[in-house]
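A.B. asks: One structure follows; several queries about it will come next.
The values are calculated or read from the model by the stated rules, or taken from the named source; none is laboratory data. Here the structure is a predicted model, which is why all the values come from computation and not from measurement. In this analysis, Cβ positions are derived from the backbone assuming ideal geometry, glycine residues included, and neighbour counts consider all displayed protein chains.
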Amino acid sequence: MKICGDRQFELLNKMGFVRMGGTEEELKAAHILKEEVEAMGLTAEIEPFEIEDYVETKAELEVLEPYNKKYIVRAYKFAENTAEEGIEAEFYYAENMTDVDIANSKGKIILVNGIVRLDLFRKILKSGAVGFISMTGTMLDTDENSDLLQRSIRDTLRAFGNLPAVSIRTKDAFEIVKNGATKVKMTVIGEKITRTSHNVVTEIKGTDKADEIVSFGAHFDSVEFSTGVYDNGAGSVINMEILRHFVENKPRRTVKFNWYGSEEMGLLGSKAWVKAHKDELKDHVYMINVDVGGSVLGADQALVLASKEATSYCDSFMRRNGYAVITKQDIYSSDGVPFADNGVPSTSFIRFGAQGAGYIHDRNDIIDWLYPQALARTTKFVLGYAEEMINAEVFPFAKVVPPEMVEKVDNYLFKKEMAEAARLKEEKK
């Protein structure tokens with residue numbers, strides 16, 4: 001079978017719509033993938049799983065002193081609710097939560113820089129702030145060309161506490177600070193809900209080494225406002241083309257293909273998959289993940305969440321076959337992580353867009369910046385690399401996630417911090 005970038009591009013166009021985890025649009029995309037698989041004569045299953053989500057009822061931010069103005073904001077998902085009338089407090093720009101910022105934040109509603117990850121969130125809690133605001137977008141945004149992203153206080157953060165929080169456009173945050181706001185009112189009201197997300201799965205049994213499994217994965221959901229063709233419709237269609245090859249060229253080892261939902265909400269699809277298929281993970285010898293691709297300007301990388309031996313194998317394959325792929329032993333924030341957490345090593349293939357020519361997690365992730373040749377090129381080297389190991393007489397390297405990579409996985413999943421949170425919670429009983 002000849003790899004066909006135009007065929008991949010056609011499928012990418014077909015699923016190029018916003019498809020957030022747990023929505024009807026995500027399920028629509030799942031059916032598109034299922035139909036594509038079944039058109040090859042295979043059976044595909046859509047596996048549902050439950051996810052936690054949030055519905056915002058009310059989110060407001062109003063500057064009270066020294067001027068009066070209301071700003072458009074989004075409540076953080078899972079943020080602590082205020083009373084219906086909101087909370088009023090002094091305003092403080094806490095910048096990067098230095099010790100000085102922490103000392104000046106108690107009892108105030110604070111504005112912080114950057115994305116609020118666990119370290120910053122714990123500092124905010126430590127400071128005694130009664131609420132926080134973070135920024136999204138750039139100073140150049142206008143109301144017509146910007147989207148106000150809804151951030152989330154994920155469970156790894158909420159394990160340590162919670163408080164009201166909103167996100168605001170950067171240009172509005174600039175105005176608030178420049179105009180010397182000293183007192184604000186914040187209102188956050190919402191509720192947790194349960195949604196159903198979906199994975200799409202299929203397999204081809206191996207001819208003579210069927211008890212060993214190599215798994216291919218790619219997530220197919222997007223973030224809000226984004227058609228997600230780069231992230232990660234591209235990975236989805238790359239794996240579909242690889243599947244097409246193995247339909248025509250039967251593999252010696254069993255190959256499984258999984259398209260994951262709700263990756264953007266915290267790898268929820270792949271976490272659900274490894275939980276539902278835990279008994280078979282002992283037979284998985286490797287996992288290959290493709291996440292972002294197709295960009296005209298950019299660079300290909302392979303991040304190997306496995307041993308140095310596996311890393312050298314990948315690097316050697318790329319070199320001897322003339323593929324300009326940067327290979328590193330490292331973790332990547334994608335669906336290979338839950339596999340590695342369960343003892344299955346993986347490689348993630350990524351084509352990062354060049355600076356100024358790659359868009360991700362916003363309305364600019366559109367098909368105009370991608371082209372069929374890049375999809376076909378990535379497909380060619382991922383397929384070649386995978387086929388060599390899948391059809392090897394003896395698998396080329398040991399199935400092992402070495403200690404240094406286990407440590408990176410544990411850090412990524414905040415295992416130490418979650419254990420600490422559980423301990424603190426127990427001590428308060």
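A.B. asks: Could you tell me how many of the residues in the stretch 273-287 are out of contact with any Leu (no Cβ under 7 Å at 6 or more places or on another chain) and in a helix (DSSP H, G or I)?
C.D. replies: Residues flagged as out of contact with any Leu (no Cβ under 7 Å at 6 or more places or on another chain) and in a helix (DSSP H, G or I) within the stretch 273-287 amount to 9.
A.B. asks: If you don't mind, there's one more thing I want to ask. Name the helices (runs of 4 or more DSSP H) wholly within the stretch 112-178 that hold at least 2 residues that are crowded, with 20+ Cβ neighbours inside 10 Å and touching a His at 6+ places or on another chain (Cβ under 9 Å)?
C.D. replies: In the stretch 112-178, no matching helices (runs of 4 or more DSSP H) lie anywhere.
A.B. asks: Within the stretch 223-245, how many residues turn out to be in contact with an Asp or Glu (Cβ under 7 Å, 6 or more places away or on another chain) and over 16 Å from F381 (Cβ atoms)?
C.D. replies: Result for the stretch 223-245: 10.
A.B. asks: Taking into account only those residues within the stretch 214-231 that are on the phi < 0 side of the Ramachandran plot and out of contact with any Gly (no Cβ under 8 Å at 6 or more places or on another chain), which is surrounded by the most Cβ atoms within 10 Å (Cβ to Cβ)?
C.D. replies: Selected residue: S215.
A.B. asks: Please return the ranges of helices (runs of 4 or more DSSP H) entirely within the stretch 369-429 where 1 or more residues are β-branched (V, I, T) and surrounded by 15 or more Cβ atoms within 10 Å (Cβ to Cβ).
C.D. replies: 372-390, 403-412
A.B. asks: Of all residues being part of a loop (DSSP other than H, G, I, E, B) and at pLDDT 95 or above in the stretch 84-96, which is nearest to L111 (Cα to Cα)? Just the residue, please. Lay out the reasoning, then the answer.
C.D. replies: Taking the stretch 84-96 and keeping what is part of a loop (DSSP other than H, G, I, E, B), we get 84-86, 96.
The next check asks that each one be at pLDDT 95 or above; those that pass are 84-86.
Details: E84: 22, E85: 21, G86: 17 Å.
Top of the filtered list is G86.
A.B. asks: Of (1) outside the structural domain of A173 (by TED's automatic domain parsing); (2) under 30 Å from A181 (Cα atoms); (3) touching a helix residue (DSSP H, G or I) at 6+ places or on another chain (Cβ under 6 Å), Y71 satisfies all except one. Which?
C.D. replies: (1)
A.B. asks: Also: Report yes if some residue within the stretch 67-83 is among the small types (G, A, S), surrounded by fewer than 20 Cβ atoms within 10 Å (Cβ to Cβ) and in a strand (DSSP E or B); otherwise report no.
C.D. replies: So far as the stretch 67-83 goes, no, none of its residues is among the small types (G, A, S), surrounded by fewer than 20 Cβ atoms within 10 Å (Cβ to Cβ) and in a strand (DSSP E or B).
A.B. asks: Right, another one. What is the one condition in (1) within 19 Å of V214 (Cβ to Cβ); (2) in contact (Cβ under 8 Å) with a residue 60 or more places away in the chain that Y359 does not satisfy?
C.D. replies: The single condition Y359 does not satisfy is (1).
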